[in-house]
Amino acid sequence: MTDTPRITGHVFIATSLDGFIARDDDGLDWLMKQPVEDEDHGYDAFIARMDGVVMGRRSFERVRDLPDWPYDKPVVVVSQSLDPALLPDSLAERVRITRATPLRLMEALQEEGWSTVYVDGGKLIQSFLRAGLIHEMTITRAPVLLGGGVPLFGLLEEDVDFDLIETRAFRSGLVSTTYRLRE
């Protein structure tokens, strides 16, 4: 196997205008207030292309107890602190927890036959970017300034160049932009 797996990581995420994906308390109330009825932002088409979801602990904790589990694809949670034995029985067949590094995880998923991975969660996206494992990002900006919160991006050791693929504006004021890693 080569140093960089052929498997690709993909991001589909919403941010505030000032680049935050959640409030400091992980609140998403600002996003839920956006008037998006009857708008197709492309999530269904995006997730249909993915073999599965890799998410961070905080993202998992946000969706874990929803009345309806939102994913019909396999989910891998990257966490150094979650105990797999504490997964609810309803998720035991759908979710697994790993402590693997981004590169090792992607190598393992590729060995399992995955080729496209939805990477979700701010810190996890940052670690995948630092490892050079994000191939494409769709970032949807909501027309709200939060002034603080959980940032989408963090420090990088070097520039990561992307090419603009598409920008779509919606009646609600959301603007979705897709970028692909420049190779």
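Every number here is computed from the coordinates shown, using simple stated rules; none is lab data. Everything numeric here is computed off the predicted structure, so don't read it as measured data. A quick note on method: Cβ atoms are made from the backbone with ideal geometry, for glycine too, and the neighbour counts reach across all protein chains shown.
A few notes on this one:
- The region of the chain that goes longest without hitting one of the trypsin sites (Lys or Arg not before Pro) in a DSSP loop, each with at most 10 other Cβ atoms within 10 Å, is 34-170.
- Gaussian network model of the chain, Cα within-10 Å springs - most flexible of Gly173, Gly19, Gly122: Gly173
- Which of Ser16, Ser79, Ser59 has the fewest Cβ neighbours within 10 Å, and the rest in rising order: Ser79, Ser16, Ser59
- Length gained when the stretch Glu157-Ala45 is fully extended (0.36 nm per residue, less Cα-Cα span): 37.0 nm
- Estimated translational D of the chain in µm²/s (Stokes, Kirkwood radius over Cα pairs; 37 °C; 0.692 mPa s): 191
- Gaussian network model of the chain, Cα within-10 Å springs - most flexible of Pro67, Pro84, Pro35: Pro67
- In a DSSP loop and with at most 15 other Cβ atoms within 10 Å, the chymotrypsin sites (Phe, Trp or Tyr not before Pro) in the range 84-153 are Phe153.
- Cut-off 12 Å between beta-carbons: net charge of the residues surrounding Pro151, Lys and Arg +1, Asp and Glu -1: 0
- Looking at the range 23-63, the GluC sites (Glu not before Pro) that sit in a DSSP loop and have at most 16 other Cβ atoms within 10 Å of their own Cβ are Glu37, Glu39.
- Of all DSSP-defined beta bridges confined to the chain, some 40% are antiparallel rather than parallel.
- When only the Cβ of Lys, Arg, Asp and Glu is charged (+1, +1, -1, -1), the dipole of the range 8-181 relative to its Cα centre reaches about 240 debye.
- As a proxy for reagent exposure, Ile139, Ile7, Ile165 were ordered by neighbouring Cβ count within 10 angstrom, fewest first; the result is Ile165, Ile139, Ile7.
- Counting other Cβ atoms within 10 Å as a rough exposure proxy, the listed residues Asp18, Asp44 run Asp44, Asp18 from fewest neighbours to most.
- Restricting the GluC sites (Glu not before Pro) of the range 89-141 to loop positions (DSSP other than H, G, I, E, B) with no more than 12 neighbouring Cβ atoms within 10 Å leaves Glu93, Glu112.
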